[in-house]
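Visitor: My questions all concern the structure below.
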Amino acid sequence: MAIDPALYINRELSWLEFNARVLHEAFDPRNRLLERVKFLSIFSTNLDEFYMVRVAGLRRQVATQVQHIPPDGMTPAQQLQAITKRVGELLEQQRTCLYDILLPELAKHDIRIVGMEDLDQVERQRIDAFYESQVFPVLTPLAVDPGHPFPYISNLSLSLAVQIHDPASRSTPLARIKVPKSLPRWVPFGKENHFVPLEQVIGAHLDSLFPGMEIRDWSTFRVTRYSDLELANADEDDDLLTQIEEQVFQRRFAEVVRVEVERGIPRDLRDLILAELLEDQPPEMPTLTEADMIETGPLLDLGDLMWLATMNIPELRDPPFIPVTPPELRDPARPIFDAIRQGDILVHHPFDSFSASVEHFLTSAARDPDVLAIKMTLYRTSGDTEIVRALTEAAQRGKQVAVLIELQARFDEVNNIAWARTLEGFGVHVAYGLPGLKTHTKTALVVRKEPEGIRRYAHIGSGNYNSQTARVYTDIGLLTANQSIGADLTDLFNSLTGFSRQNAFRNLLVAPRNMRSRFTEMIDREAENAKAGKEARIIAKMNALVDSDIIKHLYDASQAGVKIDLIVRGICCLRPGIPDVSENISVISVVGRFLEHSRIFYFANDGAEELYFGSADWMPRNFDRRVEVVAPIEDRSLHPRVCSLLDTFLADNREAWDLRSDGTYVQRKPGDQPVVAAHERFLQNSWGMQALQSAEPTSSS
């Protein structure tokens, strides 16, 4: 059946609407002031990644005329045009938010970002001394003339473009100065919480860098380069590692896809920057045009505002919270394996402690003399973590330790290469994934010798094994001794590290093997139940819904009478509320204090409800180009907890946004009703078990 483009929202434009919701949090006066600054910073860094990957990919499609047309029917050129328009609108909102709202609000609390012209004589002397001792020795001015080609400009680096007049030659060359990341972007000058941007400090001292020259003009600019990986097929782990190391190196020299300049930059300086970058652009890559130069406000690289957002001013930030230890793990004298053997343990991060559950599980496995082997996947991990220490300690104690590290985790490639080499140095067997597939699953398997024989313990999660993101991402995980799950994970790890081509699994939904077919079967089953007058309902929570085939099955289920609630944080290509197509489907997005990251799937199944969770969104890449695991929650005593979590999201009237069929979002307002804010509920109780007056129960449980 042909796809009707009118039934699908463009993926890229949907993502921009998600980032617009992030930006809205910076406007929202209900958020504490420094939290608003944080959201403005996140909006900026999100947009950086969007240009490095998504916009860059569309530009290449236009240049090569090898075009992928998505289900919504927009060509790459049409998408780029629409993106440019929407980004322009969002950047105007960002400027308004920062300069008209946040900076004045910060000033009321005596937190200021000022220009060099605002300093008095004593303050200027302090800045001069700082420049002479800390900044000047680090700077390297680079001239651009026939003897000095335009210098390489690294991705996302902030630079000064300086137009110089040479009295001797009467020439007006261009010079570039990189603003060093090794120095603080916000320079204090004596008054507490008062700062001058580093680029302005440099700009005020250009005479020291170009003695004997006349400074005609200067301005800041910033480039964004294509940053995705392009790998040929590799058959050996070493080949894959070598390819990725080479690609990471080459990525530094990829084409420029965006040039940010200050609003009001002199025209001749703007033209000089563009002309020099055009000379630097690889000839086979898309050319730069005036449209690729984006004017911001006076300040570029607003991601650096995150430093200000984390200042220790408690009254301007969200109050801290202490994650709780799950009740099943609170007895320090009780081994964690005894607790898991007694029953499955479900955890909800960051509200449930990551260190007291996941890290405790792996540390205990490393030190337990009865543990024979540990196997796990690492997609993104944090720095010097308990998990890495546990794996190296286990290997040193003689246990069999196998770790699959995904080297293609975007923007974490360098970190993961380093961790792979570190683990190998301690005797850990490291595999690097499967050619053509990213290993995105979050799984760990512990094999233990017990009096009854060998027993397998497992952790399956929706989030990365990363102690830093576990404090700000919401994820769920399961600690289990379920024999079928343990057997499935054994088969999965054998296929990841060896030559097995396992296609059949007992309990787990595994991509790219059986996940797509199992989800479509369950959606279709709900449709058949609805047609037969049986209980039918679907609730699905995820980060993104893009897959057109799954969307088609959801439309069919809606037309069969299935009530479908979708909780989709980011991209959603499905249009809800279309008469006779999706009128039984509602879509909400929750954007709040924490980044919603858990994936949960509920099917009523005529009263025999089924609940699943795991690492996969409903996107083509997750179904077809990644190794993913979605697991059933088989212990029905845990179902009320997960259902209460879903009920809390659906009842949210503070952090939730409703998606309309035209692709726009409207934030819910409490009105006269009690405020239901999901994240606040979870801070009070990890599973949101408070009675929700306005929530329709998910199930009889």
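Visitor: Please state which one of ILE202, ILE153 is within 18 Å of SER219 (Cα to Cα) and either surrounded by fewer than 20 Cβ atoms within 10 Å (Cβ to Cβ) or modelled with pLDDT of 85 or more (or both).
Guide: ILE202
Visitor: Moving on to the next point. Count, please, the residues in the stretch 23-32 that happen to be surrounded by fewer than 19 Cβ atoms within 10 Å (Cβ to Cβ) and aliphatic (A, V, I, L, M).
Guide: Counting residues in the stretch 23-32 that are surrounded by fewer than 19 Cβ atoms within 10 Å (Cβ to Cβ) and aliphatic (A, V, I, L, M) gives 0.
Visitor: State all residues of the stretch 591-619 that are closer than 26 Å to GLU25 by Cα and under 15 Å from the mean Cα position of the chain (by Cα); if no residue qualifies, say none.
Guide: Scanning the stretch 591-619 gives VAL591, GLY592, ARG593, PHE594, LEU595, GLU596, HIS597, SER598, ARG599, ASP617.
Visitor: For the stretch 556-586, how many residues meet the condition of being assigned to a helix (DSSP H, G or I) and surrounded by fewer than 22 Cβ atoms within 10 Å (Cβ to Cβ)?
Guide: Residues meeting the conditions: 2.
Visitor: Kindly indicate which of VAL675, VAL666 is free of Cβ contacts under 8 Å to residues at least 60 places away in the same chain and not in a loop (DSSP other than H, G, I, E, B).
Guide: VAL666
Visitor: Right, here's the next one. State all residues of the stretch 524-542 that are outside any strand (DSSP E or B), buried (at least 21 other Cβ atoms within 10 Å of the Cβ) and not aliphatic (A, V, I, L, M); if no residue qualifies, say none.
Guide: Residues satisfying the conditions are GLU526, ASN529.
Visitor: Can you tell me which residue within the stretch 355-378, out of those that are small (Gly, Ala, Ser) and under 23 Å from ASP491 (Cβ atoms), is surrounded by the most Cβ atoms within 10 Å (Cβ to Cβ)?
Guide: My answer is ALA365.
Visitor: Identify all residues within the stretch 658-676 that are in contact with a strand residue (DSSP E or B) (Cβ under 7 Å, 6 or more places away or on another chain) and surrounded by 20 or more Cβ atoms within 10 Å (Cβ to Cβ); write none if there are none.
Guide: Those that are in contact with a strand residue (DSSP E or B) (Cβ under 7 Å, 6 or more places away or on another chain) and surrounded by 20 or more Cβ atoms within 10 Å (Cβ to Cβ): LEU659, TYR665.
Conditions tested, residue by residue: (1) out of contact with any Phe, Trp or Tyr (no Cβ under 8 Å at 6 or more places or on another chain); (2) on the phi > 0 side of the Ramachandran plot; (3) without any contact (Cβ under 8 Å) to a residue 40 or more places away in the chain.
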residue: GLN468; (1), (2), (3): yes, no, no
residue: ARG471; (1), (2), (3): no, no, no
residue: GLN483; (1), (2), (3): yes, no, yes
residue: PRO512; (1), (2), (3): no, no, no
residue: ALA532; (1), (2), (3): yes, no, yes
residue: LYS541; (1), (2), (3): no, no, no
residue: VAL546; (1), (2), (3): no, no, no
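Visitor: Please enumerate the residues belonging to the stretch 444-490 that are in a helix (DSSP H, G or I) and of a type in the set (D, E, K, R).
Guide: ARG471, ASP488
Visitor: Cβ-Cβ distance below 8 Å, separation of 6 or more or different chains: which pairs start in the stretch 111-136 with a residue that is closer than 9 Å to PHE189 by Cβ and end on one that is part of a helix (DSSP H, G or I)?
Guide: LEU119/ILE127; ARG124/MET116; ILE127/MET116; ILE127/VAL201; PHE130/VAL201
Visitor: Inside the stretch 325-356, can you point out the residues that are among the hydrophobic types (A, V, I, L, M, F, W, C), part of a loop (DSSP other than H, G, I, E, B) and within 23 Å of ARG681 (Cβ to Cβ)?
Guide: PHE351, PHE354
Yes/no matrix, rows are residues, columns are (1) more than 25 Å from ILE336 (Cβ to Cβ); (2) in contact with a Ser or Thr (Cβ under 9 Å, 6 or more places away or on another chain); (3) of a type in the set (Asp, Glu):
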position	(1), (2), (3)
ARG456	no, yes, no
ILE460	no, yes, no
ALA487	no, no, no
PRO512	yes, no, no
THR520	yes, no, no
ILE523	yes, no, no
ASN529	yes, no, no
ILE539	yes, yes, no
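The values are calculated or read from the model by the stated rules, or taken from the named source; none is laboratory data. Everything numeric in this text was worked out from a predicted model, so none of it was measured. For neighbour counting, all protein chains shown are included, and Cβ atoms are generated from backbone atoms with ideal geometry for every residue, glycine included.
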